[in-house]
Each structure stands twice: as C-alpha cells, then as structure tokens.
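A quick write-up on the structure given underneath.
The values are calculated or read from the model by the stated rules, or taken from the named source; none is laboratory data. On a predicted model such as this, the values are computed, not experimentally measured, just so you know. All Cβ positions, even for glycine, are placed from backbone atoms using ideal geometry, and neighbour counts span all protein chains on display. Please note that ligands, DNA and RNA were not included when accessible areas were found on the heavy atoms of the full protein model with its side chains. Shrake-Rupley method; radii C 1.70, N 1.55, O 1.52, S 1.80 Å.
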Amino acid sequence: MKKVKVAKFGGTSMATSESIKIVKDIVKSDEERKFIVCSAPGKRFSDDIKVTDLLYELADEIIFHHRTDSFEPVAERFREIASGLDLSFSIDELLQKILKEMLEEETLEFIVSRGEYITAYILADVLDYEFIDAKDLIMFKGSKLDYTLTNKTARKALKNKEYVVIGGFYGSTLRGDIRLLTRGGADVTGALIARAVFARLYENWTDIDGFLVCDPRIVENPHLVELMTYKELRALSFMGASVIHSDTFYPVVKEGIPINARNTFNLACPGTLICDHVPASRSKDVITGIAGLSNFTLIIIEKHLMDDIPGFDRRILSFCEKLDIQVEHFPSGTDTFSMMIESKFLVGDKKETLINQIKKAMKPDTVEVFENISLISIVGRNLMANKYNMLKLFSALVNTNITLRMIDYGSNGTNIVIGVDDIDYDYAINAVYNEFVREDHER
Ligand code: ASP
C-alpha cells in the first residue's frame, strides 16, 4: 500500500468558508492526505437546507416548468462561501457557466451533481490541488455503478497524480451521461478512490466523533467505539446504525483499507477505526455496538410431525419470496417454524395472503401472529468465547422484566439478535448497554 490517504469531507465540513478553512488545515497538516473527496455544502444550522436538496428542487423546476427560481438560493450559498475565501477565479462566472450548462443538459443527474462539482472546484483552489472531474473516474453501466470499470478507469487516471480534489456522489456512463450514486453517496466515491490509489487509510470526516456504541437518543452518553471490524460495522449498519453509507464497505474491504471516521470539528478525538482484524490485545472489548429496529411481525407456524414433511420450511419461504416478503430470521423448534418479518413487507393484504397460502398448502395445526416486535443486535467480538456473556445478557433482561420473544445466536460469533416487544425496546437497549458496556468502562 502507498503512503497516501484519501480524505472524504462531508456536507457539514463544506458548509461554510470557516469550515472549509478547517478542512484546509486538516489536509495540510498531513503530507499523506493527497486525494480529497468532498460532498456539496450541507446544513449550516439544524433547519437549513442542503445544497443537494435545493438542486433537486431546481432540477424539477428546469425539467418540468422551464423555470430557474431555485438557482438563486444555490448561487447564494456558493457566493457566501466564496466571499470568505481567497479564490483565484470568479465564482459568479463559474455559476453563470454552470447555469447555462444545466439549461442545455436538462437532466436531473447533471443538475444535482453540480453541487459536488462546484464544491470540489472551490476546494481544489483553496488547497492548491488539481481538480479532477468525477465523471472521468466513477463509471456507470446504465444507472448502475460499475465497480470493476471504475477501479480500472480511476486507477489509470490517477496513476501519476497526487494532490487531487474530486467531487463525490456522481460519475458518468461511457457515453458521458452524468449519473448519481444514492443519497449520501460521496462516502462511496471516497472508498472507490481509496481502492483505486491503493490508499493505506480512508478517512471519512463528518461532524460527529465516530460510532457510538448505541443511539444517544436512547442511551445517555454512550461510549465511542474506538476500533471495530468491517464485519461488525456491517452488522450494525444493517440494523440502522449509520455514520457511513453502507455501500462504502465493498471497495475498501476488497483492498483491506482501514476506514477512520473522524470529526472535522473535534480534532482531539481520534474517531473510530474500522479494519479487517482487531489485534489480540484489543479483543477484550467485547461489545462494539448495540443497534436495533422496531416494527417486526412474528409468525409462528405449528404442525405435529412437521420434520417428517420434506421441504416444509422451504415451501413456506418460497411463498414469502413470491410475495416479495423478506424474512429476517426464522427461529424454529420441534414442530414449529417461525418467521420474523419487518412489518413494512406485510402491508395491504399481503399478511392475509401469506397466511392463507400457508394454511391452504401446509395445513398447519395453528398459525399465530405477534406484532410490534423489535429486534436488537448486540454486535461484538468473541461473543461466544466467554460463556458468561449469555448469562450476562439473560440476567440483564430478567432483572428488568423484559419478555424475550426471540433469540438468534449468530454462529460466527459477531452478533446475537434478540426480539423484544416494541414497548420494551429502549429499556432493553439500556439494560444490555449497562450490563456489558457501562459497567466494563466504569470498573
Ligand atoms: N450531497 C449528496 C447528498 O446530500 C451526497 C453526499 O453528501 O454524500 O446526499
């Protein structure tokens, strides 16, 4: 791996001229920060509007109403930023040129992507780095990101380059049509560039310290996770914990590049380091995160001598597949087969249809349905190595009188998933946190 780092700065880091000056100091303080990726300006205060959202509005106006009223608030954001920086070009001229191009191109993707384009152009000037248009690096086939082609194209284009700024969130097809990644996708651009340049670290700078063990809206002052593996992060993001876009992992995992989530506005904090393996000396930190999702439905199917019927479970799962119902877990026992399903998949008459199909084809003795269930994933390392972990988990729940609806003991040792009633959700997360994390840290 080369001695280069890719640093990606999110929307809040690019929101004002002041924050951009902080970004400049960060970049310049480390010789290895040679490839910079940025988002469009985000919110300056809580009810502010992100530039990308303004651009979606503008695209709608241009394409459907042949009006450009929303261009002015976008231009104003960039003028405000430029006025606090000593740029070597005229921001008004650049904005006029971009507006003209928007009216010529008239596509949503082109119009929305200009947020990142202009921001990267400004940042390159501030840093005195080279601006490279992401359309020449991030490649799409149709509307799908082409990872292999992107890697090949970006690797070749950046081979002899250093000190470069690239706008995140967009790329293009081979014909040159601009395409967008999904929202928050500048993280993905950063990861793709990190892979392409063999970076030894991918830094993801936002306005929060890193990953917290659990949601601070549920647990007061949760600890920061200093170190976690890609696998643990995947398990947590799957359950809704988000600091980094979930598609980010693929390119960096492929190359084994660690990710460091950092806070632009709190340099004293080292953030969270996410890597392939955790050194043995750190494996004592058992829990890396506790995350969850509410609103699941549990369907329990009972039939005497179920095990003697070939393909019983498979047939039930195939009904779900045909109805486009995703089954999250299927805890089973003697003569019972159950399915934990996110309730959003059972809306309309889907639940009735599924149950009727099961009744008709499988002739079960009973089918029971429990709604309003939450799943909580306790993610960590070596969870199974210590038999007291299960004891600790059960005692945390028993002591707080929480009814356990399901338990799935992930066999790779990365996570244990429990099901509790929605009303016990916050309470259960606090109980598990106090038992495993708070007590350990305060010991
Ligand atoms: N600006 C885009 C968004 O708001 C992309 C990003 O910030 O990652 O979704």
> Among 13, 384, 394, whose Cα sits farthest toward the positive end of the charge dipole of the chain (+1 at Cβ of Lys/Arg, -1 at Cβ of Asp/Glu, about the Cα centre)?
Replying inline: 384
> Under a 1.4 Å probe, what is the accessible area of the range 72-219 per residue, stated in Å²?
Replying inline: 43 Å²
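Are there any trypsin sites (Lys or Arg not before Pro) in the range 139-174 that are in a DSSP loop and have at most 13 other Cβ atoms within 10 Å? List them by number. Don't skip to the end; give the middle numbers.
Numbers: sites: 141, 144, 152, 155, 156, 159, 161; in loops: 159, 161.
For trypsin sites (Lys or Arg not before Pro) across the range 139-174 that sit outside H, G, I, E and B with at most 13 neighbouring Cβ atoms in 10 Å, the list reads 159, 161.
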>> Less than 16 Å apart at the alpha-carbon level, and either on another chain or at least 8 residues along: which lysines does that give for residue 5?
In response: 24, 28, 34, 159, 161
>> Would the range 47-167 count as rounded, prolate or oblate if I go by the C-alpha gyration tensor, calling it rounded below 1.5 in a/c and otherwise prolate when a/b exceeds b/c, oblate otherwise?
In response: oblate
> Give me the log10 of I(q) over I(0) for the range 342-443 at q = 0.16 Å⁻¹, as the Debye formula computes it from C-alpha points; what are the numbers?
Replying inline: -0.80
>> Give me the dipole magnitude in Debye, nearest 20, for the chain about the Cα centre, with unit charges on the beta carbon: positive for Lys and Arg, negative for Asp and Glu.
In response: 1660 debye
> Pick from 348, 168, 184: which residue has the top mean-square fluctuation in a GNM of the chain where Cα pairs under 10 Å get a spring?
Replying inline: 348
>> Taking 8 Å as the Cα distance limit and 6 or more residues as the minimum spacing, I'd like the relative contact order of the chain as a percentage.
In response: 13 percent
>> Expected output is a single nm value to one decimal: the length gained when fully extending between residue 66 and residue 215, i.e. 0.36 nm times separation in residues minus the C-alpha distance. What is it?
In response: 49.3 nm
> Roughly speaking, to the nearest percent, how much of the range 1-61's 1.4 Å accessible area is carbon and sulfur?
Replying inline: 49 percent
> Which length gain, in nm to one decimal place, applies between residue 372 and residue 391 when the Cα-Cα distance is subtracted from 0.36 nm times their residue separation?
Replying inline: 4.2 nm
> How far, in nm, would the chain grow between residue 3 and residue 359 when pulled straight, counting 0.36 nm per residue and subtracting the alpha carbon separation?
Replying inline: 122.0 nm
> With a sphere of radius 11 Å drawn around the Cβ of residue 251, what net charge do the other residues whose Cβ falls strictly inside it have (Lys, Arg +1; Asp, Glu -1)?
Replying inline: -1
>> Can you give the FRET efficiency to the nearest 0.05 for residue 401 and residue 305, using r as the Cβ-Cβ distance and R₀ = 51 Å?
In response: 0.90
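For the range 1-67, what is the accessible area per residue in Å² when the probe is 1.4 Å?
Normalised by residue count, the accessible surface of the range 1-67 is 45 Å².
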>> Using only the Cα atoms of the range 29-103, what are the Rg and Dmax in Å?
In response: 14.7, 48
> On average over all directions, what projected area in square nanometres does the chain have, based on the convex hull of its Cα atoms?
Replying inline: 25.0 nm²
> Of all DSSP beta bridges located in the chain, what percent are antiparallel, nearest 5?
Replying inline: 60 percent
>> Let me make sure I get this right: for the range 152-280, a, b and c are the square roots of the gyration tensor eigenvalues over alpha carbons, sorted descending. Under 1.5 in a/c it's rounded, otherwise prolate if a/b > b/c, else oblate. Which is it?
In response: prolate
>> Whole-Hz ³J(HN,Hα) for each residue in the range 308-319, computed from phi via Karplus 6.51 cos²θ - 1.76 cosθ + 1.60 with θ = phi - 60°, x for glycine and proline: what do you get?
In response: 7, 8, x, x, 4, 5, 4, 5, 5, 5, 6, 5
>> Can you pull out the GluC sites (Glu not before Pro) in the range 192-230 whose DSSP state is coil and whose Cβ has at most 10 other Cβ atoms within 10 Å?
In response: 220
> With springs only between Cα atoms under 10 Å, which of 246, 338, 90 fluctuates most in a Gaussian network model of the chain?
Replying inline: 90
